[in-house]
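Report on the structure given below.
The values are calculated or read from the model by the stated rules, or taken from the named source; none is laboratory data. Note that the structure is a prediction, hence the values are computed from the model and not measured. FYI the Cβ positions are ideal-geometry reconstructions off the backbone, even for glycines, and counts take in every protein chain you see. Ligands, DNA and RNA are excluded from the accessible area calculation, which covers all protein heavy atoms including side chains. Shrake-Rupley method; radii C 1.70, N 1.55, O 1.52, S 1.80 Å.
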Amino acid sequence: QVQLVESGGGLVQAGGSLRLSCAASGRTFSMYAMGWFRQAPGKEREFVAAISWNGGRTYYADSVKGRFTISRDNAKNTVYLQMNSLKPEDTAVYYCAAGPYIATVEEDFGSWGQGTQVTVSS
């Protein structure tokens, strides 16, 4: 399995931007599809975005399409989530995850980071 550590969360005003990073350990990062999920207080964890092992395919939740962009740099063992036009409803703990193939359900991802808090004020 791969070890994952998220960073880049914080407090931002509505309409602002943040870029989350997820650094992976191990030499096999490029073999994994990567995903971002989020969990707001009192809600279940939900899918945000995913990217295939080589970046050739990406999936997005409808709620973030056009505002968020997932990307990866396999040379740096890092996946990113660029978040623009943030809304208060984007407030959540954001988790990155690794899995054998690109997917949108958390059961398909076997490795998870500890999460990073994103808070969007109105």
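Miscellaneous remarks
- Checked across region 19-31, the condition of being in contact with a strand residue (DSSP E or B) (Cβ under 6 Å, 6 or more places away or on another chain), modelled with pLDDT of 95 or more and not in a strand (DSSP E or B) holds for no residue.
- Region 54-77: number of residues that are surrounded by fewer than 18 Cβ atoms within 10 Å (Cβ to Cβ) and in a loop (DSSP other than H, G, I, E, B): 13
- All of Y94, Y80 fail the test of being touching a Leu at 6+ places or on another chain (Cβ under 7 Å), open to solvent by 10 Å² or more (accessible area, probe 1.4 Å) and of a type outside the set (A, V, I, L, M, F, W, C), apart from Y80.
- Assessment of region 32-44 against the conditions (out of contact with any helix residue (DSSP H, G or I) (no Cβ under 9 Å at 6 or more places or on another chain), open to solvent by 10 Å² or more (accessible area, probe 1.4 Å), assigned to a strand (DSSP E or B) and touching a residue at least 40 places away in the same chain (Cβ under 8 Å)) yields at least one matching residue.
- Some residue of region 94-102 being on the phi > 0 side of the Ramachandran plot and out of contact with any Gly (no Cβ under 8 Å at 6 or more places or on another chain): no
- Cβ-Cβ under 6 Å pairs, at least 6 apart or on other chains, region 103-122 side closer than 17 Å to T78 by Cβ, far side of a type in the set (D, E) and assigned to a strand (DSSP E or B): G113/E6; T116/E6
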